[in-house]
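Data block below; observations after.
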């Protein structure tokens, strides 16, 4: 473009040069807008299609033929391979638990409840997106402690009295740069798999909960 404009200025003078420069600037704006439109289309397509892919995998791999651990690995690896520009987390647990026994937030993904015998939580981030500070996330998780006859404590002072409700744990977790935070009952045959371990922090809260933070 610069070579063509320089030639026009030298050959035809300033008026024609200014006209051509305006035309090229208009072309650049048009191309930029088109690329953004394509990017938006690809983004929307991956959200829709990755959900469809996961539903298909759930249909083809029922709990009586594949355990939740293997299923979480299968889903995560499939999404990682197909949508390679994103990092993925897939958490899976049995679908016969009440809504009080899990709590979550997510981005770049979806939640499927009662999907052929499972609950499936999928979250993702673009590989170029800023990474969660895993050290800070682990430090936040280490604020939780468990003592017999006391239960689960947070930060040494706040006692969590309702250990049967996931949101009691979830509501006090403070990790601002997380993409996904999930608190899930341990007895629900709960497993997860991630495509990049440097984006994940986890903690088991005694016999009660798994806490998974991804970002």
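In µm²/s, what is D for the stretch 107-176 at 10 °C and 1.306 mPa s, where D = kT/(6 pi eta Rh) by Stokes-Einstein and Rh is the Kirkwood radius from Cα pairs?
108 µm²/s
Would you mind putting 180-190, 138-148, 101-111, 164-174 in packing order, based on average other-beta-carbon counts within 10 Å, highest first? Numbers along the way, then the final one.
Values: 180-190: 20.8, 138-148: 14.6, 101-111: 18.5, 164-174: 16.5.
By packing density, highest mean first, the sequence is 180-190, 101-111, 164-174, 138-148.
Could you give log10 I(q)/I(0) at q = 0.19, 0.20 Å⁻¹ for the stretch 44-87, computed by the Debye formula over C-alpha point scatterers of equal weight, without solvent?
Here log10 of I(q) over I(0) equals -0.57, -0.62.
Counting other beta carbons within 10 Å of each residue's own, what order do 116, 83 fall into, fewest first?
Working: 116 15, 83 21.
So the residues, fewest neighbours to most, are 116, 83.
By average Cβ neighbour count within 10 Å, what is the ranking of 206-215, 49-58 from highest down? Don't skip to the answer; put the middle values down first.
Values: 206-215: 21.6, 49-58: 16.5.
Highest mean packing first, the order is 206-215, 49-58.
So how long is each side of the stretch 90-215 along the principal axes, counting just the alpha-carbon atoms, biggest first, in Å?
44, 35, 19
Sticking to Cα atoms, compute the Rg of the stretch 49-135 to one decimal and its Dmax as the biggest Cα-Cα distance, whole number, in Å.
Cα radius of gyration and Dmax of the stretch 49-135 are 13.2, 39 Å respectively.
Here, each number is a calculation from the coordinates, and none is a lab measurement. Computed from a prediction, not measured in an experiment: that's the story for all the values here. Here Cβ is always computed from backbone atoms with ideal geometry, including for glycine, and neighbour counts include all displayed protein chains.
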